[in-house]
1. Only one residue in P252, P293, P301, P264 is touching a residue at least 60 places away in the same chain (Cβ under 8 Å) and open to solvent by 50 Å² or more (accessible area, probe 1.4 Å). Which one?
2. Give me the pairs, please: first residue somewhere in the range 16-33 and under 19 Å from D254 (Cα atoms) and of a type in the set (K, R), second residue anywhere and part of a loop (DSSP other than H, G, I, E, B) and modelled with pLDDT of 95 or more, beta-carbon distance under 8 Å, and either six or more positions apart or on two chains.
3. Do the conditions hold for A102, that is, is it over 21 Å from R177 (Cα atoms) and either open to solvent by 50 Å² or more (accessible area, probe 1.4 Å) or part of a helix (DSSP H, G or I) (or both)?
4. In the range 147-169, which residue that is in a strand (DSSP E or B) and open to solvent by less than 50 Å² (accessible area, probe 1.4 Å) is farthest from A227 (Cα to Cα)?
5. Could you list, in sequence order, all residues of the range 202-239 that are farther than 19 Å from R375 by Cα, open to solvent by less than 20 Å² (accessible area, probe 1.4 Å) and among the charged types (D, E, K, R)?
6. With over 23 Å from S138 (Cα atoms), modelled with pLDDT of 95 or more and among the β-branched types (V, I, T) as the only criterion, which of I81, I115, I29 stands out?
7. Run S286 past the list (1) farther than 30 Å from L41 by Cα; (2) outside any helix (DSSP H, G or I); (3) open to solvent by 20 Å² or more (accessible area, probe 1.4 Å) and report the number of the one that doesn't hold.
Amino acid sequence: MTPMADSDAAMVTRTAARFDAPASALEPIARDLVRQMARGLVGEPSSLKMLQTFTRQPSGRERGRVVVVDWGGTNARAGLIELGGAGAVRMVAEEALTFSAADKRGAPEPVFDLIARAVGRVARAQGVAGAPLAFIYSYPARIERIDRAVALASTKGWALKGLVGQDVAGLLGAALRRAGLERIVVAAVANDTVATLMLQSYRARGRDAGARPADVGLILGTGTNLAADLGPSGIRNLESGNFDGVAAVETPYDVALDRELDEPAPGAQRFEKMVSGHYLGEILRSALRERWPAPSALATPFALDSAYLARVAADDSAGLDDVDALLRALGVPSTVEERRDVQALGAAIARRAARLVGTALVGTLRFLDGELADRRTIAVDGSLWGG
């Protein structure tokens, strides 16, 4: 392949510039998020659901053993956690689960059975016959009480048939009974943002009873979401991945991604589609297709995993050897100049995502404290954040 022509280099520069997210564009987005939080909280039309969670801040003194199921976008974990009081948390045992493409598109029951069997293996290995189970369910759901959550939508690459409208805690409870685990009972279900917020509060208040609890929980992984402690209104799950006030910084690649997906439906999860791990690699792939339109793996949707962005960004070799290896794996030979442009484009996509997440945090904190006068604590977790 010959070195990139000036016109090609200019095209890459223009493409990277499309992902600019200046403060002048982000400030109105933050203000819109505040408005939509207010509307969602009182039940008016809003892209932010502001869902009740039926939880309260922990004291930090709670003790006991709890079985935990954490079901996120990429995988699930079944574990046994010991709360030791004084903010101490110990993972006694844990088993990770991965899901096939067929799992993600089939009926819900086999997936819940898979999770229940993992719970059984962990419980039996630790001699646990009965215990409360905390279900961390990382998808949109309407919490109707502490142990009941009705699925609202499939996101992050999932499309289980018939799941929407069903109580996911009830489905897990039924699977536990089918697995012979009648004494392991779903005691609480919460979103992962809420769990992250509460874990930080537990640790802080356990060390210092007068410590301020966490104000905001942020998940930044396969998907993204925020939860916030709104005082008298309780801890709320914003479902911020669905925030739609992002038109000022969207690109043609975002519009195409939104249009071409059937789950989540076009128009849904607009914020998540621009910042989360499930989609960042796909945005980069779409942009690179303009530079390399010839047949290659780049023609396959979601052929470029978002983890590639981190590898591309971290490559500091003179010839960008890791970038070269990644492109060759996709069937794309490249020059050093082209690899530099790929690196710059990946950085632009990641930078816009980071700025959008920061903007959502600013909006959420302004809702709590319009003048941003008080010190606040944000608890963060997720595979994209952890890198």
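The values are calculated or read from the model by the stated rules, or taken from the named source; none is laboratory data. Here the structure is a predicted model, which is why all the values come from computation and not from measurement. Cβ sites come from the backbone with ideal geometry, for glycine too, and all protein chains shown count toward neighbours. The area values use the complete protein model at the heavy-atom level, side chains included, leaving out ligands, DNA and RNA. Shrake-Rupley method; radii C 1.70, N 1.55, O 1.52, S 1.80 Å.
1. Working: P293 fails: touching a residue at least 60 places away in the same chain (Cβ under 8 Å); P301 fails: touching a residue at least 60 places away in the same chain (Cβ under 8 Å); P264 fails: open to solvent by 50 Å² or more (accessible area, probe 1.4 Å).
One residue alone meets the criteria, P252.
2. From the range 16-33, the pairs are R18/T251.
3. Details: over 21 Å from R177 (Cα atoms): yes; either open to solvent by 50 Å² or more (accessible area, probe 1.4 Å) or part of a helix (DSSP H, G or I) (or both): yes.
Yes.
4. Just the residues of the range 147-169 that are in a strand (DSSP E or B), to begin with: 148-151, 167.
Imposing the further condition that a residue be open to solvent by less than 50 Å² (accessible area, probe 1.4 Å) reduces the set to 149-151, 167.
Values: A149: 16, V150: 18, A151: 17, D167: 21 Å.
Here the answer is D167.
5. E239
6. Working: I81 fails: over 23 Å from S138 (Cα atoms); I115 fails: over 23 Å from S138 (Cα atoms).
After applying the criteria, what remains is I29.
7. (2)
Okay, residues lined up against (1) part of a helix (DSSP H, G or I); (2) among the acidic types (D, E); (3) in contact with an Asp or Glu (Cβ under 9 Å, 6 or more places away or on another chain):
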position	(1), (2), (3)
P301	no, no, yes
D322	yes, yes, yes
G331	no, no, no
A347	yes, no, no
A350	yes, no, no
T359	yes, no, yes
E371	no, yes, no
R375	no, no, no
L384	yes, no, no
